[in-house]
Amino acid sequence: MPARDTPRYVVGVDFGTLSGRAVVVRVEDGQEMASAVTDFKHAVLDHSLPNGGRLPPDWALQVPEDYRDVLRDAVPTAVAAANVDPADVIGIATDFTACTMIPVLDDGTPLCELPEYADRPHAYVKLWKHHAAQSQADRINQSAAHTGESWLPRYGGFISSEWEFAKALQVFEEDRALYDAMDRWVEAADWIVWQLTGTYSRNACTAGYKGILQDGAYPTGDFLERLAPGFGSFVDDKLRHDLAPLGSRVGSLTDQAARWTGLPVGIAVAAGNVDAHVTAPAAQAVEPGQMVAIMGTSTCHVMSSSELREVPGMCGVVDGGIIDGLYGYEAGQSGVGDIFGWFVDTSVPAGYANAASAAGVSVHDYLTDLAAGQAVGEHGLLALDWHSGNRSVLVDHELSGLIVGLTLATRPEHQYRALLEATAFGTRVIVETFRASGIPVDELIVAGGLVKNSLLMQIYADVLRLPLSVIGSDQGPALGSAIHAAVAAGAYPNVAAASAVMGKRHVAAFEPDPHRADEYDEMFSDYLALHDHFGRRPTMMRRLRERRRRALDRAVSDPVTDIQAGQRS
C-alpha cells in the first residue's frame, strides 16, 4: 500500500460477555494506537431480572443499554487515548458474541425497554450462553433428522440450544403474547450496527452459522409448523432482512451515533460479525489448514477450506462465512476459561488465596505455577470439560463436568491441571473430527486472553502434537473488526488483503514435546472412553440436570424448604 502524508484510522469494537472493547488502528500498517474497555453495568442476568424477579436454571440474559454504553464510553475514550484527530477515522466495525438474540419492535426498540415488558424474562437479550432452550433444540434436531432436512448435515447433524431458532421457539412456547408483540428477532451483532446506521441488515456470518440460512433459504414454514402450530410463519414474520456480505459497507454513521462515539458523521459502518470469526483475519488465518481457537470464557474454533464437507458436531459450514471464496467452518467448547474461573471461585482453600496474595500473584497464576511442576499424569486425574455443556462434537448442553480419580491425596493444583488438560483434550476431539471428515488441520493459532497462560499453551501443543502459533495482539476480535472497517471504507480490496498488512501472528510459538505427547496420547485414549460413555449415552447426566431443575422449581414455588427451615433454626 503506498504511503500517505496523513495516516488514516479505523475503530474496531468487540462486544464480549461482560464488557465491550474499542481499539483504534492505523490503516496503513495495523498499528494499534489505543484501546478502552467499558464493563456492562448489568453483566449477565442469570439469577434475577433487574427488578429482582427470579430466573429459572440455565438462563443467561443481558440489558441492551449496556451495549450502547460501550459506544458512548469506550469508543471516545480510545480515540482520545490514541491522540488522533477523529476526522482521520474513516470507518468503524463491530463484532459480537453469538448467538445473542434481541426481541425488538420495527424501529429497533428492545422489548425489555418498554415498561409493560420490563418484568418479562423473554423480553431481554438472550446471551449466547442461555441454555434453557435445550428441549426445543432437541425437538428441532429430532424432527429434522426424521424428515431428512438438507440443512442439518451442514451443522454436523445438530442444532444447538444457543442458536436462533431454538431460542425463538422457547419464546413462542413460553410467552406467546410477547412473541406476538415482537416485530423482529435480531442478532445483537446486527442490532448494534442498526444503532450505528439507523437501518437494519443482517450479516452473512450469523445468518449462516446461527440462523440456519443455507443456500439462500431458511428452514421451511412446513417444517417449523410441525414443531409447534403457529410457528410456521416465524421466518416471514420475524426474520425480514437484507443480507450483507462480510466486509461490506452497510451504511453510514448517523448524527446520533456520531454524538455517542465522537466520530465523523457519514463514515463507513461495516457489516456485523461474530467475535470468533472476525478474529481469523486478525491472526492472519485466511488460508485452508489454519484453525483458530479463540480462547476465553468459552472457545470457538474457526477455519476456512476450499472443500465442502460434513463434519459431525460442527457448529456450521457457510460459503464465505469467514473469507470470500472459501467455506468457513465453526466448532467450539462452551466452557474453558469459565471452568477455570469456577474452580478458583468455588474450590480453592483460603490458604491458597492467602499464599497467592503474599506472593503478589492471582490465584490462577499461583495454581498454574504449582501445576507446572507436575509431570504428565502425576495427579492421577481425568476430567470432562462439560461444566457448561458440550458444544462440539456432541452438541448437548445437558451434559456436565466430571473429575475421575480423586483421592485424599488430591490437591487443588492437581484438579486445576486436570481441568486445563480436559479443555485441551476437548479441542483434540474437534481437530481429529475435522481431519477424519476430510478437512486437514495443519496449524492451530490461539487468540484470546488465555494465550497469556504459557503452561496451558504448552499443554495444548503437547496434547494436539501440533506447533501452536499465537496471535500478535491482545485484542484479536477488535483488531479483526478494525480490519473489516478498513475494507468497508475502501482502504483494501478485500479482507484477505487487509489481513496480510494489518493482521499479526507469531508462528510456532509453542512446539510439542514428543515425550509428553506420548503420555498425553494414553490419557486421551481414556478421555475418549469417558467422553463416549457419558456423552453418547447421556442418560445419567441428563437425569441429574432434570432432578436439579425440579428441586429449584420447588424452591421457587415454596422457598421455605425443609433444609432451609433447618438452616434457619
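For segment 279-336, filtering for residues that are hydroxyl-bearing (Ser, Thr, Tyr) and in a loop (DSSP other than H, G, I, E, B) leaves 4.
Test Val317 against the criterion of being of a type in the set (A, V, I, L, M, F, W, C), modelled with pLDDT of 95 or more and either over 18 Å from Val495 (Cα atoms) or surrounded by fewer than 24 Cβ atoms within 10 Å (Cβ to Cβ) (or both), and give yes or no.
Values: of a type in the set (A, V, I, L, M, F, W, C): yes; modelled with pLDDT of 95 or more: yes; either over 18 Å from Val495 (Cα atoms) or surrounded by fewer than 24 Cβ atoms within 10 Å (Cβ to Cβ) (or both): yes.
Yes, satisfied.
Are any residues in segment 65-92 crowded, with 23+ Cβ neighbours inside 10 Å and under 30 Å from Gln134 (Cα atoms), and if so, which ones? Hit for segment 65-92 is Tyr67, nothing else.
Answer with yes or no whether Ala372 is small (Gly, Ala, Ser), surrounded by fewer than 24 Cβ atoms within 10 Å (Cβ to Cβ) and more than 21 Å from the chain's Cα centre (by Cα). Explain how you work it out, then say what you get.
On the way: small (Gly, Ala, Ser): yes; surrounded by fewer than 24 Cβ atoms within 10 Å (Cβ to Cβ): yes; more than 21 Å from the chain's Cα centre (by Cα): yes.
So Ala372 fits the description; yes.
In segment 340-350, is there at least one residue being touching a residue at least 12 places away in the same chain (Cβ under 8 Å) and at positive phi? Checking segment 340-350: not a single residue is touching a residue at least 12 places away in the same chain (Cβ under 8 Å) and at positive phi. Kindly evaluate Tyr366 against the criterion of being outside the structural domain of Ser150 (by TED's automatic domain parsing), in contact with a Pro (Cβ under 9 Å, 6 or more places away or on another chain) and either surrounded by 15 or more Cβ atoms within 10 Å (Cβ to Cβ) or closer than 25 Å to Gly535 by Cα (or both). Against the criterion (outside the structural domain of Ser150 (by TED's automatic domain parsing), in contact with a Pro (Cβ under 9 Å, 6 or more places away or on another chain) and either surrounded by 15 or more Cβ atoms within 10 Å (Cβ to Cβ) or closer than 25 Å to Gly535 by Cα (or both)), Tyr366 does not qualify.
Which of the following residues is closer than 18 Å to Gln214 by Cα and of a type in the set (S, T, N, Q): Ser150, Ser135? I'd like the intermediate steps shown before the answer.
Numbers: Ser135 fails: closer than 18 Å to Gln214 by Cα.
Result: Ser150 is the single residue among Ser150, Ser135 that is closer than 18 Å to Gln214 by Cα and of a type in the set (S, T, N, Q).
Residues in segment 148-174 that are of a type in the set (D, E, K, R) and closer than 17 Å to Ala207 by Cα: Arg154, Glu162, Glu164, Lys167.
So that you can scan it fast, the table gives a plain yes or no per residue for (1) buried (at least 23 other Cβ atoms within 10 Å of the Cβ); (2) assigned by TED's automatic domain parsing to the domain that holds Pro288:
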| site | (1), (2) |
| --- | --- |
| Tyr460 | yes, yes |
| Val487 | yes, no |
| Pro493 | no, no |
| Glu522 | no, yes |
| Ala529 | no, yes |
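Determine whether Leu406 is at pLDDT 95 or above, assigned to a loop (DSSP other than H, G, I, E, B) and outside the structural domain of Ser160 (by TED's automatic domain parsing). Spelling it out, Leu406 is indeed at pLDDT 95 or above, assigned to a loop (DSSP other than H, G, I, E, B) and outside the structural domain of Ser160 (by TED's automatic domain parsing).
Collect the residues in segment 401-420 that are in contact with a strand residue (DSSP E or B) (Cβ under 7 Å, 6 or more places away or on another chain) and buried (at least 20 other Cβ atoms within 10 Å of the Cβ), keeping them in residue-number order. Hits for segment 401-420 are Gln415, Ala418, Leu419.
Residues checked against (1) within 27 Å of Arg72 (Cβ to Cβ); (2) within 24 Å of the chain's Cα centre (by Cα):
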{"position": "Ile192", "(1), (2)": "yes, yes"}
{"position": "Asn203", "(1), (2)": "yes, yes"}
{"position": "Ala207", "(1), (2)": "no, yes"}
{"position": "Phe223", "(1), (2)": "no, no"}
{"position": "Asp236", "(1), (2)": "no, no"}
{"position": "Leu239", "(1), (2)": "no, yes"}
{"position": "Gly251", "(1), (2)": "yes, no"}
{"position": "Trp260", "(1), (2)": "yes, no"}
{"position": "Ala276", "(1), (2)": "yes, yes"}
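Considering each of Gly108, Gly20 in turn, give the residue that is buried (at least 19 other Cβ atoms within 10 Å of the Cβ), among the small types (Gly, Ala, Ser), touching a Phe, Trp or Tyr at 6+ places or on another chain (Cβ under 8 Å) and within 22 Å of Gly251 (Cα to Cα). Lay out the reasoning, then the answer.
Details: Gly108 fails: buried (at least 19 other Cβ atoms within 10 Å of the Cβ).
Only one candidate qualifies: Gly20.
Being of a type in the set (D, E, K, R), free of Cβ contacts under 8 Å to residues at least 12 places away in the same chain and outside any loop (DSSP other than H, G, I, E, B) is the requirement here; does Glu413 meet it?
Values: of a type in the set (D, E, K, R): yes; free of Cβ contacts under 8 Å to residues at least 12 places away in the same chain: no; outside any loop (DSSP other than H, G, I, E, B): yes.
The answer is no for Glu413.
Can you give me the number of residues within segment 231-270 that are crowded, with 19+ Cβ neighbours inside 10 Å and part of a helix (DSSP H, G or I)? Of the residues in segment 231-270, 7 are crowded, with 19+ Cβ neighbours inside 10 Å and part of a helix (DSSP H, G or I).
Could you tell me whether segment 191-202 includes any residue that is touching a Pro at 6+ places or on another chain (Cβ under 6 Å) and either without any contact (Cβ under 8 Å) to a residue 12 or more places away in the chain or not assigned by TED's automatic domain parsing to the domain that holds Ser437 (or both)? Before you say what the answer is, go through the steps one by one.
Our first condition is that a residue be touching a Pro at 6+ places or on another chain (Cβ under 6 Å); within segment 191-202, this holds for none.
The answer is no, given that none of the residues of segment 191-202 is touching a Pro at 6+ places or on another chain (Cβ under 6 Å) and either without any contact (Cβ under 8 Å) to a residue 12 or more places away in the chain or not assigned by TED's automatic domain parsing to the domain that holds Ser437 (or both).
Here are some conditions: (1) over 29 Å from Ala36 (Cβ atoms); (2) crowded, with 22+ Cβ neighbours inside 10 Å; (3) at pLDDT 95 or above. Ser437 meets all but one. Which one does it not meet? With (1) over 29 Å from Ala36 (Cβ atoms); (2) crowded, with 22+ Cβ neighbours inside 10 Å; (3) at pLDDT 95 or above applied to Ser437, the lone miss is (2).
Please find, within segment 465-485, the residue that is surrounded by the fewest Cβ atoms within 10 Å (Cβ to Cβ) out of those that are under 22 Å from the mean Cα position of the chain (by Cα) and over 17 Å from Ala78 (Cα atoms). Top of the filtered list is Gly472.
Among the residues of segment 377-394, not a single one is loosely packed, with under 14 Cβ neighbours inside 10 Å, among the aliphatic types (A, V, I, L, M) and not in a strand (DSSP E or B).
Yes/no matrix, rows are residues, columns are (1) farther than 15 Å from Trp386 by Cα; (2) in contact (Cβ under 8 Å) with a residue 60 or more places away in the chain; (3) of a type outside the set (Ser, Thr, Tyr):
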| residue | (1), (2), (3) |
| --- | --- |
| Arg417 | yes, no, yes |
| Arg428 | no, yes, yes |
| Ala447 | yes, yes, yes |
| Leu455 | yes, yes, yes |
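The values are calculated or read from the model by the stated rules, or taken from the named source; none is laboratory data. All of these numbers come straight from a predicted model, not from anything done at the bench. We place every Cβ from the backbone using ideal geometry, glycine too, and count neighbours over all the protein chains shown.
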